[in-house]
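Student: One structure, as structure tokens, below. Some questions next.
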Amino acid sequence: MKSAQWLKRRASHLIESESYREAIPYLERLLKLSGAEPYDLSYAHGMLGEIYLQEGRHRMAREHLKASLD
């Protein structure tokens, strides 16, 4: 299983390359990763929220953006 740092770096690279849809699986895996640090989880929720907002998936965006603040 990949580490939290690897998943976060991979997702970040894809987001910076504007490959938002491709970043989603890495962010979702980060959320499911046992032992992930709270700031990694917050990052994953925040980025998923931003991606879903861009896609017009407002309910999903709201859920992830809210979770990023918890």
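The values are calculated or read from the model by the stated rules, or taken from the named source; none is laboratory data. Model, not experiment: these values are computed from the prediction. These accessible areas exclude ligands, DNA and RNA; they are computed on the full protein's heavy atoms, side chains included. Shrake-Rupley method; radii C 1.70, N 1.55, O 1.52, S 1.80 Å.
Student: Under the definition of Cα pairs under 8 Å and six or more residues apart, what whole-number percent is the relative contact order of the chain?
Tutor: 25
Student: While we're on this one: Full extension from residue 34 to residue 67: what is 0.36 nm times the residue separation minus their Cα-Cα distance, to one decimal in nm?
Tutor: 10.2 nm
Student: Leaving out ligands and nucleic acids, and using a 1.4 Å probe, what accessible area per residue does the chain come to in Å²?
Tutor: I get 66 Å² per residue for this part.
Student: Ignoring ligands, DNA and RNA, what percent of the 1.4 Å accessible area of the chain is carbon and sulfur?
Tutor: 51
Student: Could you work out the helix-only [θ] at 222 nm for the chain, with each DSSP H run of four or more residues adding -39,500 (n - 2.57) and the total divided by the number of residues, to the nearest 500 deg cm²/dmol?
Tutor: Computed ellipticity for the chain at 222 nm equals -26000 deg cm²/dmol.
Student: Rounded, prolate or oblate, given the Cα gyration tensor of the chain, with a/c below 1.5 counting as rounded?
Tutor: Because a/c hits 1.5 or more and a/b fails to exceed b/c, the chain counts as oblate.
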